[in-house]
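A short worksheet on the structure shown next.
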Amino acid sequence: QVQLVESGGGLVQAGGSLRLSCAASGRIPDSYTMGWFRQAPGKEREFVFAVHTGVAYYADFVKGRFAFSRDNGKNTVYLQMNSLKPEDTAVYYCAASSRGSIRQLSEYNYWGQGTQVTVSS
């Protein structure tokens, strides 16, 4: 059983940056997809970014502003978010999929509890 714990959210002004962390309880196989999703108030959870076998996939609204990295020694993945906008305000979730899924929420086996990101204008 994989447990994921996000951290790094907070309040930031528009144009600022945050780095979200997702710590796993154990080593996640390289074959797993690691993904980030977000959910704004009153909206459905949506895909943000994912990496599968070294290939990155991202939502159009990311537009080069976000970057993914991982530290296998710490069993941790990161989402570096730059040039943040008020519309990026949401709870951000880390997730892992053993099924090769990229954008399909239902195919992710493991989810963290989420971390709040608030971008002020």
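The values are calculated or read from the model by the stated rules, or taken from the named source; none is laboratory data. Since this is a predicted model, take the numbers as computed values, not measurements. Glycine gets a Cβ as well: all are built from the backbone with ideal geometry, and neighbour counts include every protein chain shown. Each accessible area value is taken on the protein alone, full model and side chains, heavy atoms only, with ligands, DNA and RNA left out. Shrake-Rupley method; radii C 1.70, N 1.55, O 1.52, S 1.80 Å.
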Quick one: which residues, 5 or more positions from residue 85 or on another chain, have an amide H under 5 Å from its amide H? H modelled 1.01 Å from N in the peptide plane, none for Pro or chain starts.
15
Expected field for residue 93, accessible surface area in Å² at 1.4 Å probe radius, rounded to 10, holds 30
For residue 69 and residue 11, compute 0.36 nm times the residue count separating them, minus their Cα-Cα distance, and round to one decimal in nm.
18.7 nm
Any idea what the relative contact order of the chain is, in percent, if you count C-alpha pairs under 8 Å spaced at least 6 apart?
36
Please arrange 30, 71, 60, 88 by accessible surface area, largest first, computed with a 1.4 Å probe and ligands excluded.
60, 30, 71, 88
Computed ³J(HN,Hα) along segment 26-43: with the Karplus parameters 6.51/-1.76/1.60, θ = phi - 60°, integer Hz and x for glycine or proline, the list is x, 5, 8, x, 4, 6, 6, 8, 10, x, 10, 10, 9, 9, 8, x, x, 10
Please state the charge dipole magnitude for the chain, taken about the Cα centre, from unit charges on C-beta atoms (+1 on K and R, -1 on D and E), reported in debye and rounded to the nearest 20.
120
With a point put 7 Å past each Cα toward its Cβ, work out how far residue 19 is from residue 113 in nm, to one decimal.
2.3
Along each of the three principal axes of the Cα atoms of the chain, give the extent in whole Å, ordering the values from largest to smallest.
39, 27, 24
